[in-house]
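Each remark here refers to the structure printed beneath this line.
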Amino acid sequence: MGVPNFSGRAAVSLRQTIGSLYTQKGFRGPVLTLFTGSSSALLLAYLCEPVLTRLYTAADYKVMGYFTALSALLFSISSLRYDDALMLQKKDSDAAAVVLLSWIVLLAVLLFTCVGLYWGDTFAHRANIPAITPYLVLIIPVLVAMRLARTLELWLVRAKAFRFVMAGQAANTGVMVTSRIGVGVPPVSAGPGGLIGGYLAGNIVAALINAVAALREGGRIILRLPPLGKVWQTARRYRRFPLFSTPSSLVAALVYRMPVFMIPLYFAGDELGYYVKGFAALAIPLSVAGNAISRVFFVHAAEAKIHNLRQRLTSISTMVHSRLVMLGIFPTLVLMVAGPDIFAVVFGAPWRTAGVYVQYLGPWLLLGSIVSPLTRIFDILERQRIDLATSAAACVLMSSALILGGRTGHMPALMLSIGAMGALARLGQLAILMHLAGAKATAVLAPYGKYLLLSAPGIGILIAAGLFGKPWVTTVAAIVAASAFGVLLLRNEGLFTGRGGTKQESPSPRLPD
């Protein structure tokens, strides 16, 4: 009588379990696929950050931060948001017309940008950041790479080819980080050019990977060049995107980057470099979860709109909001409590100031990571006028905060002003978005109370560790606190399933799984 092959059965069972978790159908599997790839790339980036902060100075990060902010501002208008209409097309031929239209717009934006670069030196000196002048010309290839990568990524998301999307994101981060280290070590010591060059290299590689993947996923139809008449019809059909979504996108991008543009006007030192580092240390990890969920949310919410499934849109929006709160609230609290000590240990003692800044910015960045993916509701419901109005209100609040805080001549006062006004603007946007989605107020508020309670034991550990006054003790305590939060979360949640969560997360009609 033979011995049962339990190990073989276990292996098969494990493969089936993993396969069910990472299925490309429904909502959970694609989110896990994108989140796993993005978090792996983020882990690589963070493992390399202590090296980068010892190769590059705050002055280098200052120039790089200004360059990426300018690029992001131009990127927000580089397709007049026509590419977002990709998700609303039933036929590949119609989607191909959207792609071609967005690239025609890109060419026009590039032309105007080239003309503007003629006055680049004058602009850099008036912005009080003359060191950026040699790098302004790199905005052109960065814009091309970013827009190609983005449009083709949307094509892949529409085709639900999430593994290819994950590959592009991982390659972007990997190439960017390794190239920055490669040119940052002596004797090269590339300075801000190394940081900017790595940013460009990562986006070029992502664009190439997305291009190959898109061709495999039906993208060859783009190469047939849809008739210009059809492209013109598409431009007219979705004219609300350039009329309302583009100004809204531009204003939203400006609100997020406005501190980068205005801090040099009030502070001539390296304060901007510390702000850029503090902002990125929290905003980037929060955006990883947000971007993964946003891409899948856009697909399913658009399908719900196309098929007139209003209740499904409500249930998906409520569930996504809850998960975004779950993923963002604990890391934000950790940096708000112990940011300076953690930054001093991880990035080096000179970067402690960046940790102080992030303590003030935490609520704004948390709410931004929650609201940003949900702004797709404006596009899906074609309520772009409301999107523009909320973005304009946020711009007024942020500019007021910067002017009032900047005039004090005290950087912490400016950070407090930015954090408070930014959080207020995001709260208003969140209330409007969830109302449009049909969510009840109790369903919106419940996750904050729930995950604050789950965070309490870990934050208590962190506060107690802070009493010792030693940064390394606080940093170790942060790791212990994160473990405690993770255990509590796993006990209370069936992550990205309908199990173990609050009742509002799986209302009828049942979410795709």
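Values computed for the structure shown
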read-out	value
Residues within segment 416-451 that are under 23 Å from VAL396 (Cα atoms) and among the small types (Gly, Ala, Ser), tallied	8
Among (1) assigned to a loop (DSSP other than H, G, I, E, B); (2) within 25 Å of LEU208 (Cβ to Cβ) - the single one LEU111 does not satisfy	(1)
Filter result for SER399 (touching a residue at least 60 places away in the same chain (Cβ under 8 Å), more than 23 Å from THR318 (Cβ to Cβ) and among the hydroxyl-bearing types (Ser, Thr, Tyr))	yes
Residue in segment 314-336 that is of a type in the set (Lys, Arg) and within 24 Å of GLN89 (Cβ to Cβ) present	no
Residue that is nearest to PRO264 (Cα to Cα), among those in segment 92-127 that are surrounded by 15 or more Cβ atoms within 10 Å (Cβ to Cβ) and among the polar types (S, T, N, Q)	THR113
Lone qualifier among ARG240, ARG216, ARG236, ARG257 - being open to solvent by 20 Å² or more (accessible area, probe 1.4 Å), modelled with pLDDT under 85 and basic (Lys, Arg)	ARG240
Test: ARG426 is within 22 Å of LEU324 (Cβ to Cβ), charged (D, E, K, R) and either open to solvent by 30 Å² or more (accessible area, probe 1.4 Å) or in contact (Cβ under 8 Å) with a residue 40 or more places away in the chain (or both)	yes
Failed item, numbered, when SER189 is tested on (1) surrounded by 15 or more Cβ atoms within 10 Å (Cβ to Cβ); (2) closer than 20 Å to LEU55 by Cβ; (3) of a type in the set (Ser, Thr, Tyr); (4) over 19 Å from the mean Cα position of the chain (by Cα)	(1)
ALA211 aliphatic (A, V, I, L, M) and either within 19 Å of LEU148 (Cα to Cα) or open to solvent by 90 Å² or more (accessible area, probe 1.4 Å) (or both)	yes
Only one of LEU333, LEU374, LEU327 that is at pLDDT below 95, more than 21 Å from VAL51 (Cβ to Cβ) and open to solvent by 10 Å² or more (accessible area, probe 1.4 Å)	LEU327
Breaking point among (1) part of a helix (DSSP H, G or I); (2) closer than 30 Å to GLY116 by Cα; (3) without any contact (Cβ under 8 Å) to a residue 40 or more places away in the chain; (4) not polar (S, T, N, Q), for GLY182	(2)
Long-range neighbours under 8 Å by Cβ, at least six apart or interchain, first residue at positive phi and modelled with pLDDT under 95 within segment 123-147, second of a type in the set (A, V, I, L, M) and not in a helix (DSSP H, G or I)	ASN128/ALA268
Residue match in segment 340-351 (condition: among the small types (Gly, Ala, Ser) and either in a helix (DSSP H, G or I) or surrounded by 24 or more Cβ atoms within 10 Å (Cβ to Cβ) (or both))	yes
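The values are calculated or read from the model by the stated rules, or taken from the named source; none is laboratory data. What you see is a predicted model; the values in this text were computed from it and never measured. We place every Cβ from the backbone using ideal geometry, glycine too, and count neighbours over all the protein chains shown. We work out accessible area using only protein heavy atoms, side chains counted, and drop any ligands, DNA or RNA first. Shrake-Rupley method; radii C 1.70, N 1.55, O 1.52, S 1.80 Å.
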